[in-house]
Every structure is written in C-alpha cells, then in structure tokens.
Amino acid sequence: MQTHLTMRVKISALSLFLFFYSLIAFAQPKLQNPAEFLGYELGDRFTRHHQMVDYFKHIDAAAENVVVQQYGETYEHRPLIYATIASSENFKNIEQIRLDNLRRAGMAEGTPTTKVAILWLSYNVHGNEANSMEAAMKTIYELVNPSNNKTKEWLKNTVIIMDPCINPDGRDRYANFYNQYGNVPANADPQAREHAEPWPRGRANHYLFDLNRDWAWQTQTESQARIKLYNQWMPHVHVDYHEQGYNSPYYFAPAAEPYHEVISNWQREFQTLIGKSNAKYFDEQGWLYFTKERFDLYYPSYGDTYPTYNGAIGMTYEQGGIGAGLTVTTNEGDPLTLKDRLTHHFTTGMSTLEVTSTNSTRLIDEFEKFFKENTSNPPAPYKTYLISADNNADKITKLTNWLTTHSIQYGYPSADKPSRGFDFKTQSVTNITIKTEDIVINIYQPKGRFITTLFEPTSKLTDSLTYDITAWNLLYAYDLNAYALSEKIAVAKSYKAKSVTQETIPTKPYAYLFTYQSLSDVEFLASLMKKGVKVRKAMKPFTSGGKNFEAGTLIVTRRNNEQIADFDKLVQNMAKEFSRRIYTTATGFAEKGADFGSSEVSYIKAPRIALLGGDQTSSLDHGQVWHFFEQQIHYPISILATDYFKNVDLWKYDVFIVPDGNYRLFDEAMLGMIERWVKEGGKLILISGATNAFTDKKGFDLKEFASDDSKTKAEKEEEEEQDKQEPIKFGDAERKGLSNSIFGAIYKVSMDKTHPLSFGLNEVYYSLRTTELHYAYLKNGWNVGMLKGKQKPLIGFAGSKINKKLANTMVFGVEDKGKGEVVYLVDNPLFRNFWENGKMIFANAVFMVGE
C-alpha cells in the first residue's frame with residue numbers, strides 16, 4: 001500500500017525528470033538542414049558570413065559529435081571559426097587523437113595509442129570564389145545527418161576539421177556586391193553588371209592580400225591564426241577549395257608538374273587515388289573535369305603545398321565559377337548555377353572523405369614514415385643551415401620568431417668547429433668556422449622537408465611552365481650571412497634573443513644617435529615623427545665618441561626639439577619601447593665626417609603620404625603598400641582613388657606612391673601636373689608596372705632599354721640565325737614563349753651604397769624579380785640599383801632571351817627634378833610583404849630620399 005508520502009516522492013521525481021528533460025531538449029535543438037535554418041535553399045542566394053557562422057553554431061548545439069570554435073579574427077573583426085567532426089566514440093577521445101597524431105609527427109612526447117585519420121577541408125580562401133562557403137554548409141550537415149549511413153561509417157576512423165571560410169572579409173565583400181547589384185531573377189548574361197565586380201573585387205582579404213600565397217609567410221592576421229591551429233593538428237589530408245574562370249571545367253588532383261623533389265612517392269600516389277575516386281562520381285553525372293594540368297606543387301606558400309611539405313596529402317580543387325553569380329551562360333551556351341557549383345564541391349568533399357576513410361591505416365602509416373624519414377634520413381643534400389651570429393639582431397629576431405610559428409627547431413651548436421659549406425653571399429663552397437653563437441637549423445626534425453624548400457641554395461625545377469614564382473629563399477630575402485652544410489650539426493642549446501644593453505645615459509646629451517639598419521629602425525623613426533620629434537639623418541659615415549656610424553644614422557638633437565616637454569624622457573622611453581640601443585654625444589663635433597650642423601646631416605621632414613588606389617591599380621600591389629604603412633610601421637597615409645584623382649589637390653601631400661597597375665589615368669595633362677608638383681618639392685614613387693605610364697614621356701628620364709645596342713656582333717648573328725629556323729609549331733608556342741618570361745627569380749643587384757635609397761643595405765641587394773620590365777640607365781638621375789653585365793638568376797627560372805635583355809639595366813633609380821624627386825622601383829620591393837630586405841628600399845624611398 002502506497003502512502004501519500006510515497007506518492008508525493010514519485011510525483012516529485014517525475015516532475016524533476018520532466019524538468020531536466022525539458023532543459024536537455026531546450027539545450028539541444030532539433031537538427032536543421034541549411035534550408036530549414038536559413039529560410040532558403042543553398043544556391044538560391046549568397047549567404048553572408050555571419051549567417052554561416054550562426055548555422056555552424058546551430059550544428060554545434062544540435063549535434064553531439066561536433067564542436068565549433070573560434071580560432072581568430074579578421075582585420076574587419078569577423079570571427080574565424082572551425083568545426084571538429086567525429087563519431088561519438090572518437091569525439092570522446094578527440095584530444096588523445098590530436099596528441100597521438102602530433103606524436104607520430106615527432107611534435108609531441110609519448111607513444112600513440114589511437115589510429116584515426118584526420119582530414120582538413122578549407123573553404124573560401126579567395127572571397128569571390130564564393131560557392132565554397134555554401135558547399136561547406138551542405139557538407140557539415142551531411143556529416144551529422146543521422147540518416148546518412150555512409151558518413152557515419154566513414155567517421156568511424158576519420159576526424160574532420162572544417163574551416164568554412166578562411167577569408168570572411170573578402171567573402172562578404174563579394175556577397176554584398178552581388179546581393180546589392182544582382183538582378184531578380186538572376187541574369188545569366190555574362191555582360192550583366194552582376195558578373196562584373198568593381199575594384200578591388202572580393203578575392204583578397206581586408207588589406208587586399210592573396211591569402212593563398214601567404215600560408216608560409218604569415219604576413220596576415222588570418223594566416224597567423226590558421227597556421228597556429230594547423231600545427232596543433234597536422235592533418236593527413238588537406239583540401240583547399242577554389243574556383244576558376246566559369247568557362248573552365250572542374251579541376252582536381254593529381255597535380256601538374258613541377259612537383260618539388262621532397263614530395264614523397266606516397267603523396268604522389270594518393271593524389272591519383274583521390275583523382276580516380278572523384279572522377280568516378282563525376283563520370284556518373286557526366287560532369288567535365290581535368291587533372292594533371294595548370295596547378296602544380298612547387299611554391300611553398302599555397303594551401304596545397306604548405307600541407308604537402310608538412311606531411312599531408314595537400315590538394316587544390318577548382319570549380320569553374322569566378323564571376324558566375326547565381327547563374328551564368330558559359331561559352332558552350334550552358335547555364336552554370338551556384339547550385340551546380342556547390343554540388344560539385346560537395347561531391348569531391350564526400351569522395352575525399354571516402355578515400356581517406358578507406359585508406360586510413362596506410363595514410364597514417366605513411367604519414368608516420370614521412371616524419372621518421374625527416375628525423376633519421378632526410379632526403380636532401382644539405383643537412384644544416386647555419387646563420388652567422390654577426391647578422392643584424394633585428395633580422396635574426398624576426399626570422400627566429402617566424403621559425404617558431406612553424407614549429408621549426410633551431411638553436412646553438414655545442415662548440416666551435418671547422419666545416420665547409422655553401423656561402424649564400426658568394427654562391428660558392430668555402431671553409432667556415434662554426435661558432436657557438438651561430439644559429440643552427442638542421443633538417444633532422446619533423447619540419448625538415450619544409451625547411452629544405454625554404455632554404456636550399458638551388459631548387460630542382462622539373463618543368464619551367466609553373467603557376468607561380470620559382471624562387472623565394474628566405475636567406476636572400478633577409479640578406480643574411482648564412483651557409484648550407486652537407487653535414488648534420490646538432491642543436492645543443494636553445495636560442496635566446498639578445499637583449500639590448502644600454503650604457504649609462506648622461507643628463508641632457510647634445511644628441512641621441514640611433515643606427516638605421518632594419519625595418520624595426522624604420523618603425524622607430526616613424527613613431528618619433530608621429531610624436532613630433534624632429535629627426536636628422538647622416539648622409540655620410542661619421543665617427544662620434546670613438547664609434548663609427550654608417551650613413552643613414554638617425555640623429556635626434558636637443559636643438560629644434562625644445563618645444564617637446566620631457567624631451568629626454570620621451571626619446572629614452574620610446575627607444576626602450578622599440579628595443580633600440582641608445583648612443584649619445586655631448587657635442588655636435590664629429591671626430592671624422594660631417595658635424596651635426598653640416599648640410600651632410602639633413603632634416604627628415606615627417607611626410608604627408610598619398611597612395612593611389614582604385615580601378616587601373618593592381619589591388620594586390622596597392623594592398624602591400626597599405627599594409628606596410630598601417631600594420632608594419634604604423635604611419636598614416638591617405639588613399640586617393642583613380643576615379644576622382646583628377647580633382648585631387650596633390651600639393652597637400654609630400655609623397656605620392658603609384659603601385660603596379662595598368663594606367664590610363666596619366667594622360668599628357670596629368671603627367672604635366674605631376675611634373676610641376678615634383679619640381680615644387682613633391683616625391684613621386686613608381687612601383688613596377690606603374691613605370692610604364694612614365695616611360696619615354698616628356699619631363700621624365702625613364703627610357704625603355706634598347707638591348708640591341710649592347711649586343712656583340714656574334715650575338716646579333718646568332719639571333720639572326722635563330723630567326724631563320726622553321727616556324728614554331730602550334731603545340732610548342734606556349735613553351736617557346738617562356739624564353740622571354742621570368743617566373744619570380746632572384747637576381748643580384750649592384751647597389752650604390754652612397755645614395756640614400758641604399759641606406760641600411762649592403763653593396764649587393766638580392767631582388768625577387770617578378771617582371772620582365774627593363775630600362776636604360778638614367779642619363780639625368782642616379783642609378784642606385786643595377787643589373788650589370790650578363791644576367792641569369794641565382795635561383796628560379798628566367799628565359800634565355802629575357803636574361804640577355806636585362807644586361808646593364810636600371811632596377812632602382814632616382815631622378816632629381818627641381819626641388820623634388822622621382823623614385824623608380826622597377827622590381828617591387830614589397831612583393832607579398834615577405835621580402836624583408838626590400839622593405840628597407842621602400843622605406844628609404846619614402847623617408848630618406850630627398851629632403
């Protein structure tokens with residue numbers, strides 16, 4: 001017999017159960033597909049980034065085997081998110097699976113106890129390749145769809161990492177454009193406005209950088225956050241989703257040649273396995289595709305090569321679709337819809353998961369083998385890279401910080417010892433003495449093959465027809481004294497950055513002196529000027545207090561800075577903030593060289609800077625300059641657009657920078673106005689292709705180089721003989737044209753160290769040349785950087801004919817004009833902002849030239 005108390009207890013227990021059940025039901029909403037959640041079918045419109053984020057959060061809340069996390073934030077403050085998807089069983093052990101994978105790679109201590117494959121899917125690195133993010137939503141739903149038995153089976157032995165939008169700023173730029181200008185219903189006419197994005201288009205991020213060229217260099221905040229996350233997982237397979245022109249069929253692996261020689265046989269083999277699986281599903285639908293063409297595996301900073309050089313099977317998938325909007329009519333007269341495009345990406349995603357799951361055991365075994373070979377028998381002739389301790393400390397700090405972000409091991413050797421190695425400065429093998437303060441980077445480590453691709457003196461190029469640059473060596477980019485050794489030098493001691501030691505600073509010195517040798521010095525100079533501190537520069541070397549100072553040394557005198565309250569405290573605190581060594585002097589009298597009141601010590605006026613942007617301007621090259629000022633030296637600029645430039649008062653600015661572009665803006669009247677502005681004290685800086693608009697124009701000394709004038713009689717006869725040969729076959733035309741092309745190669749440029757454009761540099765500058773432009777020496781100007789005599793690159797591919805044309809040409813020049821200057825930078829010193837030494841040339845053009 002039940003008592004009233006028993007009944008009350010049972011009722012209370014039931015109520016409590018129902019209460020908690022309702023909480024669970026509330027906490028875990030019913031799983032919705034994208035159409036149910038968004039209110040429209042995928043492919044009917046372009047989803048904005050925040051809507052995708054909300055949907056991924058919904059998946060996180062509704063599915064027990066998914067977690068969505070934020071790993072960073074864009075410059076425009078959009079979240080960067082990723083999802084981890086696994087079976088319920090694997091989800092319980094997800095941290096163990098992650099750590100075990102790092103243990104297989106030698107990047108964590110311990111012995112692995114799990115064996116689960118990791119597949120990473122990356123979407124929308126280019127914002128206007130816009131179907132990828134839509135495909136990501138379809139893909140994640142099917143991965144958690146309880147009625148999808150196939151994905152359930154595949155997830156038993158595979159974990160998936162999904163980055164649904166690498167480039168949210170660019171993606172929303174494109175989506176906002178299309179949603180604003182697209183017809184209703186969508187217009188398939190290729191000439192319709194909705195298929196013509198305005199400048200700068202949605203491809204790049206906020207600062208107009210191509211994030212698919214930034215994986216290794218990490219110049220952008222999105223790349224920095226992503227690489228940190230990537231190295232916490234080190235997946236076995238990575239797919240980078242793209243789009244190409246909408247008239248192209250779908251591309252998937254295997255990749256085209258050239259492959260870098262560090263790529264393993266298994267990595268090649270698995271690309272073919274993936275390709276055949278993708279082909280099977282495309283064949284079933286009658287969809288067109290191609291493989292083994294156009295997209296190679298060479299340049300190390302792509303979303304396929306970076307993972308490949310770090311042990312994964314890295315692949316690019318390319319759907320035709322850039323500019324296609326919701327629908328477009330292709331050259332074949334067929335409609336191509338957003339729904340078609342996202343379905344193709346979804347299909348290759350599912351196919352790749354299937355192949356990864358089916359081959360998970362071998363994938364993991366080969367992954368482990370890749371890293372064991374790296375640590376025990378790395379496949380490269382040079383085993384150690386030695387960076388001398390006598391290099392500039394700022395450059396060493398920047399490079400070592402970069403190495404750390406990639407989990408590359410480095411440090412000091414155990415003892416001094418003699419050795420032989422390839423000298424990067426002389427390009428020859430020589431005897432060297434290894435010092436205990438030198439930095440050692442050997443390739444007997446998990447990142448060994450990646451290190452080889454970055455530092456090797458020469459790279460084997462199996463096919464000169466490549467998709468990108470063919471040279472990028474960081475030891476030349478930083479202009480370091482360094483050597484490549486064929487022997488292993490072990491790291492015996494951890495590297496420790498040297499702290500700046502300050503001597504006792506006297507009360508109220510006559511002047512403060514600061515060296516000028518690195519971008520950190522430029523940033524310090526910019527900061528002083530923003531604070532209103534007046535700075536001078538030494539035009540020639542001098543000696544003060546028994547110390548020798550180079551040309552370019554920054555001199556901050558008490559005179560002319562009397563208006564600054566607490567002048568000494570301000571300068572000293574700023575030097576401490578920027579870790580600058582302070583030198584002082586009690587006198588303006590130089591023991592050698594010019595005194596501080598001499599005309600050889602000139603005032604650096606804080607410049608008012610304008611940068612040209614807009615249509616006709618290369619958005620990527622514009623972005624490099626913009627990023628340099630705002631994110632690297634933190635100095636203000638005004639961006640002027642081409643569409644209203646004719647109405648601009650250029651006299652409000654001291655410096656006008658014209659980046660690479662294809663300009664129609666500079667007609668005779670405009671050139672005349674700019675010439676007057678320069679003569680009255682302005683400084684015009686022309687970068688790469690911008691020089692075309694000023695070539696052979698009245699008032700400017702820039703002339704196209706007539707290479708025939710420098711040819712010997714024998715060379716002319718040889719060319720005449722070649723011209724008599726039989727006509728080029730149609731099938732050989734593309735390769736024949738390579739003889740006049742440069743695919744991003746490194747050249748040795750002779751510099752005039754006495755000119756301010758060379759301050760902080762050596763007599764040789766290693767230039768990453770990405771242009772075939774070549775100009776005669778300036779007749780009425782300063783030829784500061786020159787290609788002297790016969791030319792061929794130190795590293796990288798350049799055709800034989802273009803090399804002949806480069807002999808005895810100007811690379812960097814300055815034309816004095818009235819009170820102002822024109823600075824010609826034929827090679828772009830800011831290319832992708834990873835060429836560290838080039839930044840000094842550009843900074844000198846802005847701050848040091850003239851005045």
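The values are calculated or read from the model by the stated rules, or taken from the named source; none is laboratory data. Since the model is a prediction, treat every value here as computed from it, not as a measurement. Positions of Cβ are generated from backbone atoms using ideal geometry, with glycine treated the same way; all protein chains shown enter the neighbour counts. Each accessible area value is taken on the protein alone, full model and side chains, heavy atoms only, with ligands, DNA and RNA left out. Shrake-Rupley method; radii C 1.70, N 1.55, O 1.52, S 1.80 Å.
How many of the residues in the stretch 26-53 are in contact with a helix residue (DSSP H, G or I) (Cβ under 8 Å, 6 or more places away or on another chain) and loosely packed, with under 14 Cβ neighbours inside 10 Å?
Total satisfying the criteria: 5.
How many of the residues in the stretch 402-422 are open to solvent by 20 Å² or more (accessible area, probe 1.4 Å) and not in a helix (DSSP H, G or I)?
11
So is L768 buried (at least 24 other Cβ atoms within 10 Å of the Cβ), among the aliphatic types (A, V, I, L, M) and over 28 Å from T462 (Cβ atoms) or not?
Considered against the rule, which asks whether it is buried (at least 24 other Cβ atoms within 10 Å of the Cβ), among the aliphatic types (A, V, I, L, M) and over 28 Å from T462 (Cβ atoms), L768 comes out as no.
Can you list residue pairs whose Cβ atoms sit under 8 Å apart, with the first residue in the stretch 81-104 being modelled with pLDDT of 95 or more and the second being assigned to a helix (DSSP H, G or I) and open to solvent by 60 Å² or more (accessible area, probe 1.4 Å)? Count only pairs 6 or more apart in sequence or on different chains.
S87/K152
Kindly indicate whether any position in the stretch 500-522 is touching a residue at least 60 places away in the same chain (Cβ under 8 Å), outside any strand (DSSP E or B), open to solvent by 50 Å² or more (accessible area, probe 1.4 Å) and among the aromatic types (F, W, Y).
yes
What single numbered condition from (1) outside any helix (DSSP H, G or I); (2) touching a Pro at 6+ places or on another chain (Cβ under 7 Å); (3) among the charged types (D, E, K, R) fails to hold for E373?
All conditions are met except number (1).
Please enumerate the residues belonging to the stretch 383-397 that are surrounded by 21 or more Cβ atoms within 10 Å (Cβ to Cβ) and part of a loop (DSSP other than H, G, I, E, B).
none
If we keep just the residues of the stretch 96-121 that are open to solvent by 10 Å² or more (accessible area, probe 1.4 Å) and among the small types (G, A, S), which is farthest from the chain's Cα centre (by Cα)?
Ranking the candidates gives G110 first.
Within the stretch 630-665, track down each residue that is of a type in the set (G, A, S) and more than 30 Å from S518 (Cβ to Cβ).
Answer for the stretch 630-665, where residues must be of a type in the set (G, A, S) and more than 30 Å from S518 (Cβ to Cβ): just A641.
Just to check your reading of the model, which residue among S598, S618, S638, S579 is touching a residue at least 40 places away in the same chain (Cβ under 8 Å) and surrounded by fewer than 18 Cβ atoms within 10 Å (Cβ to Cβ)?
The match here is S579.
Report yes if some residue within the stretch 763-779 is in contact with a helix residue (DSSP H, G or I) (Cβ under 8 Å, 6 or more places away or on another chain), small (G, A, S), closer than 30 Å to W677 by Cα and not in a loop (DSSP other than H, G, I, E, B); otherwise report no.
no
Residues of the stretch 54-80 being open to solvent by 50 Å² or more (accessible area, probe 1.4 Å), in a strand (DSSP E or B) and without any contact (Cβ under 8 Å) to a residue 60 or more places away in the chain, which ones?
Selection gives Q69, Q70.
Just give me the residues in the stretch 398-432 being within 27 Å of the chain's Cα centre (by Cα) and of a type in the set (F, W, Y), in sequence order.
W402, Y410, F424
Quick one: in the stretch 310-336, of everything that is within 15 Å of N128 (Cα to Cα) and of a type in the set (S, T, N, Q), which residue is most open to solvent (accessible area, probe 1.4 Å)?
Of everything passing the filter in the stretch 310-336, T327 is most open to solvent (accessible area, probe 1.4 Å).
So, in the stretch 268-286, of the ones that are open to solvent by less than 10 Å² (accessible area, probe 1.4 Å) and in contact with a helix residue (DSSP H, G or I) (Cβ under 6 Å, 6 or more places away or on another chain), which residue ends up farthest from K460 (Cα to Cα)?
Here the residue is N278.
Give the stretch 433-474 a look and list any residue that's assigned to a loop (DSSP other than H, G, I, E, B), hydrophobic (A, V, I, L, M, F, W, C) and under 25 Å from N392 (Cα atoms), or say none.
I443, A471, W472
Would it be correct to say that Y747 is surrounded by 22 or more Cβ atoms within 10 Å (Cβ to Cβ) and in contact with a Pro (Cβ under 8 Å, 6 or more places away or on another chain)?
Yes.
Kindly provide the set of residues from the stretch 362-411 that are without any contact (Cβ under 8 Å) to a residue 12 or more places away in the chain and farther than 30 Å from T113 by Cβ, ordered by number.
N401
Can you tell me which of T291, T327 is hydroxyl-bearing (S, T, Y) and without any contact (Cβ under 8 Å) to a residue 60 or more places away in the chain?
Exactly one of T291, T327 is hydroxyl-bearing (S, T, Y) and without any contact (Cβ under 8 Å) to a residue 60 or more places away in the chain, namely T291.
Among S598, S579, which is the only one that is more than 30 Å from I396 (Cα to Cα) and part of a loop (DSSP other than H, G, I, E, B)?
Going through S598, S579 in turn, the sole match is S598.
May I ask you to verify whether G781 is open to solvent by less than 30 Å² (accessible area, probe 1.4 Å) and closer than 24 Å to N473 by Cα?
Spelling it out, it is not the case that G781 is open to solvent by less than 30 Å² (accessible area, probe 1.4 Å) and closer than 24 Å to N473 by Cα.
Going by what's in this entry, would T501 be described as among the polar types (S, T, N, Q) and under 25 Å from P379 (Cβ atoms)?
Here the answer is no, as T501 does not meet what is asked.
Against the definition (open to solvent by 10 Å² or more (accessible area, probe 1.4 Å) and within 25 Å of K540 (Cα to Cα)), how does T553 come out, yes or no?
No, not satisfied.
Going residue by residue through the stretch 356-375, is there one that turns out to be on the phi > 0 side of the Ramachandran plot and crowded, with 18+ Cβ neighbours inside 10 Å?
no
For the structure I just gave you, tell me whether N124 is at pLDDT 95 or above and assigned to a loop (DSSP other than H, G, I, E, B).
When the stated conditions are applied, N124 passes them.
Filter the stretch 797-815 for residues that are part of a loop (DSSP other than H, G, I, E, B) and modelled with pLDDT of 95 or more; which is surrounded by the fewest Cβ atoms within 10 Å (Cβ to Cβ)?
It comes out as A807.
Could you tell me whether E95 is in a helix (DSSP H, G or I) and more than 17 Å from L342 (Cβ to Cβ)?
yes
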